[in-house]
Amino acid sequence: MEIMEAVSLGVKNLCKTFRFKLEDGVKLGKNVYGASIPILKGKEEYQFYLYFKKDILKLLAKKFFKTEMNEDDFSDISREVANQIIGFAKNELNDKNNFNCKLGTPEFLGKVESFHVKFIDSKIYKIKNRTFKIGFTKV
C-alpha cells in the first residue's frame, strides 16, 4: 500500500464517520491554515502537512465538537483532524505493509501564506464544496 493511498483511506474514514460525500478537489486557493504531523519509522521521519480553508475547519468543528468555532479554535480542530486522518493512515500502513511506525504529535502551523515544502506526493480533497490538501515529505 502506498502512503497517499493510506492517507486517502484516512480521509474516507473521516468522511464516512460524519456522512460527508468525498470528492477530488482541484484547487486549494489562498488563506489557508496548516497542521503538520510526523510518522516515525525507525530513524526515518515522514512529515505530513494538512492545509485547510477556514470554511472546512468550521464545518469539521461542528461535527467534532458540536459547536461553532472561531479562528482562535482553529489550532484544536486542525490538530485533531491531522491526528485522525494520519493516525488512520499509520494503522493501515502498519497492518497492510508491516510498516512498523509510530505517530508523532500534531502541530498547528497557523495561517499559511506560502508553501515552501516540496511534497513527495499530495492530494486535494473536497467535502461540501470545501477543499483541503494533504501532502508529505521525507525528512
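The values are calculated or read from the model by the stated rules, or taken from the named source; none is laboratory data. Small disclaimer: the values here were computed from a predicted structure and weren't measured. Don't worry about glycine lacking a Cβ; one is built from the backbone with ideal geometry, like all the others, and counts go over all protein chains shown. Heads up: the accessible areas ignore ligands, DNA and RNA and are worked out on the full protein's heavy atoms, side chains in. Shrake-Rupley method; radii C 1.70, N 1.55, O 1.52, S 1.80 Å.
The lone criterion from (1) free of Cβ contacts under 8 Å to residues at least 24 places away in the same chain; (2) open to solvent by 60 Å² or more (accessible area, probe 1.4 Å) left unmet by Gly42 is number (1). Looking for something out of contact with any Asp or Glu (no Cβ under 9 Å at 6 or more places or on another chain), closer than 28 Å to Glu44 by Cα and open to solvent by 60 Å² or more (accessible area, probe 1.4 Å) - is there at least one such residue anywhere in the range 69-78? Yes, the range 69-78 has at least one match.
Considering Lys111, Lys118, the condition of being in a loop (DSSP other than H, G, I, E, B) and either basic (Lys, Arg) or open to solvent by 80 Å² or more (accessible area, probe 1.4 Å) (or both) is satisfied by Lys118 alone. When the range 91-102 is filtered for residues that are touching a Gly at 6+ places or on another chain (Cβ under 9 Å) and open to solvent by 70 Å² or more (accessible area, probe 1.4 Å), the ones remaining, listed by number, are Asn91, Asn100. For Thr105, the stated conditions hold: it is at pLDDT 95 or above and either open to solvent by 90 Å² or more (accessible area, probe 1.4 Å) or of a type in the set (S, T, N, Q) (or both). Restricting attention to the range 1-39 and to residues that are farther than 12 Å from Glu92 by Cβ and among the basic types (Lys, Arg), the residue that is most open to solvent (accessible area, probe 1.4 Å) turns out to be Arg19.
When Lys123 is tested against (1) more than 15 Å from Met4 (Cβ to Cβ); (2) in contact with a helix residue (DSSP H, G or I) (Cβ under 7 Å, 6 or more places away or on another chain); (3) at pLDDT 90 or above; (4) surrounded by fewer than 18 Cβ atoms within 10 Å (Cβ to Cβ), only condition (1) is not met. The residue list Thr131, Thr137 contains one member that is touching a Gly at 6+ places or on another chain (Cβ under 7 Å) and surrounded by 13 or more Cβ atoms within 10 Å (Cβ to Cβ), which is Thr131.
A Cβ distance below 6 Å, combined with a sequence gap of six or more or placement on separate chains, defines the contacts here; from the range 9-28, residues that are within 13 Å of Ser122 (Cβ to Cβ) reach residues that are assigned to a helix (DSSP H, G or I) and among the β-branched types (Val, Ile, Thr) in the pairs Val11/Ile85. For the condition over 17 Å from Gln47 (Cα atoms) and either open to solvent by 80 Å² or more (accessible area, probe 1.4 Å) or part of a helix (DSSP H, G or I) (or both), what is the one hit in Phe64, Phe88? Matching residue, one of Phe64, Phe88: Phe64.
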